[in-house]
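Right, one structure below, let's go through it.
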């Protein structure tokens, strides 16, 4: 088995109908990362689709749970049992309705913030793992949260996704090589291109 130095888990729901929904921001970041590295996801792991990339000298496993959002913790637990990584070498990417669209926020640990995928992971492994939250904005008053996160990005938002995903990948690369504090100091806040639009 190849030695893995870091695990990057993007949260989302499997299946084409969910692919461009707000709740799949984690999957979208990993798919962008994989395209950049010209690699494909496979299904070699139990309950998860994975791809391996090299960042500097580090071997990084990208993982998309296939359990659906509410059971993401099961997939993460399986990966941790297999690769025996310390939690500070595991980062979870999720959407965040409390952050405006086009904002990124890295944190070394914390609560679920009401996110079902993060809550599932915390229930399995505790709260002490880094996370990268991708701002998707909050729903209009008349729309329920559950419906909002499962709807597609608007056409305008879809157009702005590439620079957001690119900046998220850059943040992950800095996290892998230089740690969470450095990544936070550079990447927390609005994605510049999006805010200038």
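Those strands (runs of 3 or more DSSP E) of region 86-183 in which at least 1 residues are within 14 Å of residue 76 (Cβ to Cβ), considering only elements entirely within it, cover 90-96, 131-135. Looking only at residues of region 187-197 that are part of a helix (DSSP H, G or I) and exposed (fewer than 14 other Cβ atoms within 10 Å of the Cβ), we find that the one that is modelled with the highest pLDDT is 192. Of the residues making up region 28-59, those that are within 17 Å of residue 72 (Cβ to Cβ), touching a strand residue (DSSP E or B) at 6+ places or on another chain (Cβ under 8 Å) and assigned to a loop (DSSP other than H, G, I, E, B) are 41, 47.
Condition check for residue 147 on (1) touching a residue at least 24 places away in the same chain (Cβ under 8 Å); (2) surrounded by fewer than 16 Cβ atoms within 10 Å (Cβ to Cβ): one failure, at (1). Can you tell me how many residues in region 74-85 are free of Cβ contacts under 8 Å to residues at least 12 places away in the same chain and part of a loop (DSSP other than H, G, I, E, B)? The total comes to 1. Does residue 20 count as farther than 17 Å from residue 95 by Cα and in contact with a helix residue (DSSP H, G or I) (Cβ under 7 Å, 6 or more places away or on another chain)? For residue 20, the condition - farther than 17 Å from residue 95 by Cα and in contact with a helix residue (DSSP H, G or I) (Cβ under 7 Å, 6 or more places away or on another chain) - is not met.
Being at pLDDT below 95, under 23 Å from residue 152 (Cβ atoms) and either out of contact with any helix residue (DSSP H, G or I) (no Cβ under 7 Å at 6 or more places or on another chain) or not in a helix (DSSP H, G or I) (or both) is not true of residue 12. The requirement of being exposed (fewer than 15 other Cβ atoms within 10 Å of the Cβ), over 12 Å from the mean Cα position of the chain (by Cα) and over 28 Å from residue 185 (Cβ atoms) is fulfilled somewhere in region 84-102, by at least one residue.
As a summary of the residue check, residue 67 satisfies the conditions (1) surrounded by 15 or more Cβ atoms within 10 Å (Cβ to Cβ); (2) at pLDDT 95 or above except for the one numbered (2).
As for region 45-61, it holds no residue that is under 22 Å from residue 113 (Cβ atoms), buried (at least 16 other Cβ atoms within 10 Å of the Cβ) and touching a helix residue (DSSP H, G or I) at 6+ places or on another chain (Cβ under 7 Å).
The values are calculated or read from the model by the stated rules, or taken from the named source; none is laboratory data. Everything numeric in this text was worked out from a predicted model, so none of it was measured. So basically every Cβ, Gly included, is an ideal-geometry build from the backbone, and we count neighbours across all protein chains shown.
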